[in-house]
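A quick write-up on the structure given underneath.
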Amino acid sequence: MSGRLAVLANPQYEQDSFSLAEQLKLPLLTQYQAEIEQGFDFFLAYRDGALKLLDRALLKKGGLLVNIEPRPGEQHSWPAPRKNQFAQAIGKHSQTVVDATTGWAQDALALFRMGFQVSCIERSPVMAVLIADGLQRLQQKDWVQRRQLTVPELLVGDSIQLLESLPFNPDCIYLDPMFPPKRKKSAMAKKSMTLLRDILGDDLDRQQLFDTAFQKTAKRVVVKSPDYAEPLAGKPDLVFKGKLLRYDVYLKNG
């Protein structure tokens with residue numbers, strides 16, 4: 001992946017762009033170089049006050065970022081009500097939650113808005129810098145500062161190893177592994193998920209990750225799965241179904 005990825009220089013964020021390229025050991029290209037050199041498929045760029053991920057189709061457009069705003073249908077109040085299927089799967093008595101497959105961090109941020117104490121784990125250095133940028137923007141939000149809230153902690157590295165070394169046993173460990181797609185191509189696939197799959201590929205170690213999570217959790221492991229996928233660890237104790245996905249809940253003492 002690293003050979004196909006570069007950082008786009010932006011005069012408005014000159015030092016940030018240089019530091020990012022140094023951190024990830026990536027080439028730093030101008031917009032013109034990115035357009036004419038065909039050896040790069042993905043780009044990281046600071047635009048409009050945020051770090052964004054682009055592919056060639058997005059070079060002259062906005063790009064994708066970790067969106068820190070509530071999703072459609074979510075309340076803007078804090079803490080948001082814990083009434084949806086996602087919250088029910090996490091458990092009303094859970095307080096500490098580790099999202100071990102953070103990706104674009106939308107589920108982790110939803111948990112944070114519902115008042116859970118959230119830790120995020122991300123193995124991809126590319127996704128990690130995008131998440132870190134989102135969390136930094138979140139920390140600057142007025143409602144976060146006014147309430148003196150602690151934004152989710154980000155741990156970067158292999159989820160299995162990091163779970164094993166956690167200094168505490170979280171009430172819930174949440175897994176949203178990358179399953180193989182049902183069809184090779186789907187017109188309905190979101191751009192963010194398409195790019196994420198291009199960067200990360202499928203999570204071939206998801207069974208080992210589940211085993212580690214179940215050993216480490218104090219109460220439960222929740223696995224988010226597409227509706228067509230077989231349960232990751234046999235019959236779950238609880239299932240919360242949505243339209244295209246479900247949350248399989250495995251209770252530690254169930």
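For residue 157, indicate whether it is touching a residue at least 24 places away in the same chain (Cβ under 8 Å) and more than 21 Å from residue 215 (Cβ to Cβ). Steps first, please.
On the way: touching a residue at least 24 places away in the same chain (Cβ under 8 Å): yes; more than 21 Å from residue 215 (Cβ to Cβ): no.
So residue 157 fails the test.
Would you mind finding the one in 221, 239 that is crowded, with 20+ Cβ neighbours inside 10 Å, modelled with pLDDT of 95 or more and in the same structural domain as residue 169 (by TED's automatic domain parsing)?
Of the residues listed, the single one that is crowded, with 20+ Cβ neighbours inside 10 Å, modelled with pLDDT of 95 or more and in the same structural domain as residue 169 (by TED's automatic domain parsing) is 221.
Going through 135, 162 one at a time, which residue ends up being part of a helix (DSSP H, G or I), over 12 Å from the mean Cα position of the chain (by Cα) and either within 15 Å of residue 216 (Cα to Cα) or not aromatic (Phe, Trp, Tyr) (or both)? I'd like the intermediate steps shown before the answer.
Working: 135 fails: over 12 Å from the mean Cα position of the chain (by Cα).
Being part of a helix (DSSP H, G or I), over 12 Å from the mean Cα position of the chain (by Cα) and either within 15 Å of residue 216 (Cα to Cα) or not aromatic (Phe, Trp, Tyr) (or both) holds for just one of 135, 162, which is 162.
Mind checking which pairs have a first residue in the stretch 91-107 that is assigned by TED's automatic domain parsing to the domain that holds residue 170 and within 20 Å of residue 72 (Cβ to Cβ) and a second that is of a type in the set (Asp, Glu) and assigned to a loop (DSSP other than H, G, I, E, B), Cβ under 9 Å, 6 or more apart or different chains?
103/176; 107/176
All but one of (1) touching a Gly at 6+ places or on another chain (Cβ under 8 Å); (2) buried (at least 22 other Cβ atoms within 10 Å of the Cβ) hold for residue 78, so report the exception by its number.
Only one criterion is unmet by residue 78, namely (2).
Would it be correct to say that residue 211 is out of contact with any Phe, Trp or Tyr (no Cβ under 7 Å at 6 or more places or on another chain), charged (D, E, K, R) and at pLDDT 95 or above? Talk me through it step by step, then tell me what you get.
Numbers: out of contact with any Phe, Trp or Tyr (no Cβ under 7 Å at 6 or more places or on another chain): yes; charged (D, E, K, R): yes; at pLDDT 95 or above: yes.
Considered against the rule, which asks whether it is out of contact with any Phe, Trp or Tyr (no Cβ under 7 Å at 6 or more places or on another chain), charged (D, E, K, R) and at pLDDT 95 or above, residue 211 comes out as yes.
Residue by residue, here is whether (1) at pLDDT below 90; (2) touching a strand residue (DSSP E or B) at 6+ places or on another chain (Cβ under 8 Å) holds:
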residue: 48; (1), (2): no, no
residue: 52; (1), (2): no, yes
residue: 57; (1), (2): yes, no
residue: 65; (1), (2): no, yes
residue: 68; (1), (2): no, no
residue: 79; (1), (2): no, no
residue: 85; (1), (2): no, yes
residue: 93; (1), (2): no, no
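Here's the yes/no breakdown for (1) surrounded by fewer than 19 Cβ atoms within 10 Å (Cβ to Cβ); (2) more than 22 Å from the chain's Cα centre (by Cα); (3) hydrophobic (A, V, I, L, M, F, W, C):
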site: 5; (1), (2), (3): yes, no, yes
site: 15; (1), (2), (3): yes, yes, no
site: 21; (1), (2), (3): yes, no, yes
site: 38; (1), (2), (3): yes, yes, no
site: 62; (1), (2), (3): yes, no, no
site: 68; (1), (2), (3): no, no, yes
site: 72; (1), (2), (3): yes, no, no
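Would you confirm whether or not the stretch 90-105 contains a residue that is within 20 Å of the chain's Cα centre (by Cα), among the polar types (S, T, N, Q), closer than 26 Å to residue 206 by Cβ and surrounded by fewer than 20 Cβ atoms within 10 Å (Cβ to Cβ)?
yes
Please tell me if residue 25 is over 20 Å from the mean Cα position of the chain (by Cα), of a type in the set (Lys, Arg) and farther than 22 Å from residue 127 by Cβ.
When the stated conditions are applied, residue 25 does not pass them.
Can you pull out the residues in the stretch 231-254 that are assigned to a loop (DSSP other than H, G, I, E, B), more than 17 Å from residue 107 (Cβ to Cβ) and touching a helix residue (DSSP H, G or I) at 6+ places or on another chain (Cβ under 8 Å)?
Once the filter is applied, which keeps residues that are assigned to a loop (DSSP other than H, G, I, E, B), more than 17 Å from residue 107 (Cβ to Cβ) and touching a helix residue (DSSP H, G or I) at 6+ places or on another chain (Cβ under 8 Å), the stretch 231-254 yields 233, 252.
The values are calculated or read from the model by the stated rules, or taken from the named source; none is laboratory data. Just so you know, these numbers come straight off a predicted model, no measurement behind them. Please note: Cβ atoms are built from the backbone with ideal geometry, for glycine as well, and neighbour counts cover all protein chains shown.
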